[in-house]
Each structure stands twice: as structure tokens, then as C-alpha cells.
Amino acid sequence: MSVAPMERLFDGADWNFATLQRIHDACEQIALGELGLDVYPNQIEVITAEQMLDAYSSTGMPLFYKHWSFGKHFAHHEALYRKGLRDLAYEIVINSSPCVSYLMEENTATMQTLVIAHAAFGHNHFFKNNYLFKTWTDAEGILDYLDFAKGYIARCEERYGQVAVERTLDAAHALMSHGVHRHPGKSKLDLRQEEQRERDRRAHEEQIFNDLWRTVPAGPSKSISNISLERRRTALGLPQDNLLYFLEKSAPRLHAWQREILRIVRQIAQYFHPQRQTKVMNEGTATYVHYRIMTRLHELGAISDGNFLEFLRSHSNVVFQPAYDDPRFPGFNPYALGFAMMQDIERIVTAPEQEDREWFPEIAGNGDAMAVLRDVWANYRDESFISQFLSPHLMRQMRVFSLCDDPAQTEGVVISAIHDERGYRRIRRQLAREYDVSWTDPNIEIVDVDLAGDRRLLLRHSVVNGCLLQDKAAAQVLQSIADLWSYDVRLQEVDSLETVLKEHVASPRAMVRAA
């Protein structure tokens, strides 16, 4: 469905809230009418630069609970911003329903149009339709849950003391990346009902917890052989790779309020987990959508040539990709890679070459680029997206190649993949792995608890490609586990043959506790 020519949305750089409404409505016509997007209702809020810095510091979430680390991040970001060493984002968008988009009041009218197209329609569509977000996040309940979490932690600080709450939060934050369910076996939680569930848990949790630990042998006549390994693991749900979940349910000396704080941190970590797996796709989708909408607004006369040139300057900065030998090279810019792949898919669908037909027979020449892109946006994450849709044409255009510096395979650094068929497949496979959290994140599981002895907790790190944990980081995180568990913790790093390569041990520190 095409959109009729439009009146000019604004003149110059100034805007007001009536202008924002006109901009939103014009973007909505194109997004829904021409691109076929499916979005949550939009809520647009205008904030100051200082509020944007504050949002940076608390992971971009409104109503977030207080923690000293957020203030530290705020001071760091503010110092860089005041010295001109970094810019601020033009927007922050929240995966919620309604979808909340924060716009900086310093933006020009053109930039507000870009931000609305990018966040309120690009990110919004991706949040609502991608399978990871549909599986793991509750967009309708997240804002209510954050309000509950903020109030709960504030009440804990009043009742149990700020130091005790901060120590628990510090330990929980250290384990945040190991506090998510990674497999779809667990059902998505309705966050809107969490406040009532917390009241119910408070009434029953201690009784359930005590029933578990009454099975621990107390007399000297009983030994560890009386409790089989399989029975222990079954009773405690082992092995378990969600460390926060295990500690919340099974740590023997945590108070009910500490368990609830672990649960809060775990739920927020789960909320962000899909975003970690879709950075390239999410930003690529939003950038592609804003480019299509802004181009169409210009074609329809809704924005002037000058406004469009202002947009193109900002857009070019967003998708700039420094070369590998450029001092500014930080790795792949997710905006650049994602946008380039979306445009390349459009080219393959609408104007394929013979090479494209051989590599992508299912979509080459399909003719309906938006239908293909909407399907891709709904059913892939970064790793599978790159492994399926990175084309030889784009690899040549971006001059992508692969280096190998593994001493076990080569002497020195050598080029391991070039632009031939085998090289294209190897480059695509290697790049996809860089976005696969199961490949990049350490695979650490809790595998056993010595219930009959000293209650030591045993963890195992399954080493991939010989990559051991960094000693300092491993010691700090293991210390957090020991503090929450309240007994000694041992972590073994093992290879595929179950050979123990390294061990780390931590003992609990004296925690600040309150009844």
C-alpha cells in the first residue's frame, strides 16, 4: 500500500510537541502502510542530556533500583561528555508495551524524525516480533516489575541496612551473565504478577527451604556414601548453568529478602539476554527501517533537501566502519554490519546475480524484499543470521578476511581464509561464532554439593579451544559465589577428556547480615 504525498512536516531545526506528533504519524503511515511493520503502541518522552547520561548509567532502564555502580558509570560518562571525548546517543528505547522511546531535547527536528523512525518503529517491530524476545521477555509487565523491584530494594535498605543490601547486590551483579536460562524449557514469566508472588513466597519459602536441608545427614554414623551422587543432583536440580537461580533456591544461609534480590537481578538479566544475542540484527533492522522511512519522507516532500542532507550526514556516521588498520577500528560496527546485510538481502531478493542464486536459492529473485526481511527479523539471532545470510558479494565489498594466530596451528599470524568459495564459508562461520554466546561465554555449571561433609560447592568450566578463565576475574566471581553460598567453593576447568586443567578455590567472607 503506497502513501499519498505529504505536507512539509517542519521547517528549520525547531520543533514542538505538535511537530513530534505530526512526525510520528507520518512515520507510522510509511512503517505500517508500506513496510508492513507490526509494532507495540508508542510512548515518546523527551529528556535532557543529563537524564540521557543517567539512563546510560542504569543500563537504559527507567525506574531502576539504586546501586553505587550506576553513580560510578554516570560520573565516567559525564566526564567524557563534558571534555568532548564522546557523544551521547540520540535516543534510548525500552522493550515494553507501550514501547517507550526517549528523545533528547537538544535534537533538531530532523534528528527527532530519525530517532522516531529508528526506535519507535525499527526497534519496536524487532522487539515485538523476534522469537527470542517473544520467548523470554514480558513487554507488558517489565515497567511494573521495575517499579516493584525499585521499591522492594529501597524497603530492604531501610529495614536491613544499605551496606547489607549493597553487598548482596554486588555479588548478584557479578553473576549476572551466569544468571539466565539459556534453553526454552522454562516458560516465560508474567512479570506483572511478581509483586503478589513475592508476598506468597515470603509466607512459604522458609518452610520449603528447611525441608530441603533437613535431608542433610547430621550424625557421625552417616557418610557421603549414604547419599548417592544421582540423588543429590536430582534433589538440587544439578547440573545447573543458571548460577543465580541455584543460589536463590538452594544457598543454605541466605535470608528470604536476599533470595528475592537475587531473583530480581536474575529476572532483569533474563530480560537483557535476547538483546545480547541480537545486537547486529536489532541495530541493523532499526537502521534499515529509519533509512527507508527517511528516504520515503523525502520523496513525498515531507522533509526538505536540507533536512535530508542533515539526515544523511548522521546516518553515514552511524554506519561508518573503520578499516582493520585504522587506529579507530573497534571490531565490526553492529550498525554497519547489520545495515549492510539488510540492504544486501534486499539486493538478492530484487536484483540477484548468478552467484546469489547459487548461495541463496530460496530467496534470490523472490521479489518481495520486505516479506523476506520481516521473516528474517522474526526467526534469527545474530549467530544464525550471519551464518545464513552473509554473502560473498558483501564480504568482497567490506573486504573481509580471516587471520589465524594460533601457535598450535601456525607460526606467526597468517591469513587463513581468502575470497574463494572455501574461504567465504570459513569467514562466515568464524564471524558467526563471534556472536554466538554459547561459544563466547564461559560454559560454567554447578555440578555437585557435598551435603554430608563440609557443604563445599563444586563448579565446572568446560574449556573450549584451550581458553582458560582469567585468574583475577575468576577469583572475583568465585568470591561472590562463596559469599552467597556461605561455604567453600571449588571451580575446576576441564577439557573435553575431563582432564582437570586448573582449579580455583574461594572461601566466604564475613557478610553483613540482618535478620
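Here are a few things to note about the model shown:
- The set of residues in the range 482-513 that are acidic (D, E) and in contact with a strand residue (DSSP E or B) (Cβ under 8 Å, 6 or more places away or on another chain) comprises D488, E493, D495, E503.
- Within the range 5-26, considering residues that are charged (D, E, K, R) and outside any loop (DSSP other than H, G, I, E, B), the one surrounded by the most Cβ atoms within 10 Å (Cβ to Cβ): R22
- Residue match in the range 407-428 (condition: modelled with pLDDT of 80 or more and either in a loop (DSSP other than H, G, I, E, B) or of a type in the set (D, E) (or both)): no
- Subset of the range 318-353 that is surrounded by fewer than 19 Cβ atoms within 10 Å (Cβ to Cβ) and among the small types (G, A, S) - its residue that is farthest from K279 (Cα to Cα): A351
- All positions within the range 433-483 that are in a helix (DSSP H, G or I), at pLDDT below 90 and among the aliphatic types (A, V, I, L, M): V437
- Residue check, T135 of a type in the set (S, T, Y), in a helix (DSSP H, G or I) and surrounded by 18 or more Cβ atoms within 10 Å (Cβ to Cβ): no
- Any hit, the range 156-163, residues being at pLDDT below 90 and not in a helix (DSSP H, G or I): no
- Residue in the range 358-370 that is farther than 19 Å from R428 by Cα and either assigned to a helix (DSSP H, G or I) or in contact with a His (Cβ under 7 Å, 6 or more places away or on another chain) (or both) present: yes
- For H125: the one exception among (1) touching a helix residue (DSSP H, G or I) at 6+ places or on another chain (Cβ under 6 Å); (2) at pLDDT 85 or above: (1)
The values are calculated or read from the model by the stated rules, or taken from the named source; none is laboratory data. Since the structure is predicted, the reported quantities are computational estimates derived from the model, not experimental observations. So basically every Cβ, Gly included, is an ideal-geometry build from the backbone, and we count neighbours across all protein chains shown.
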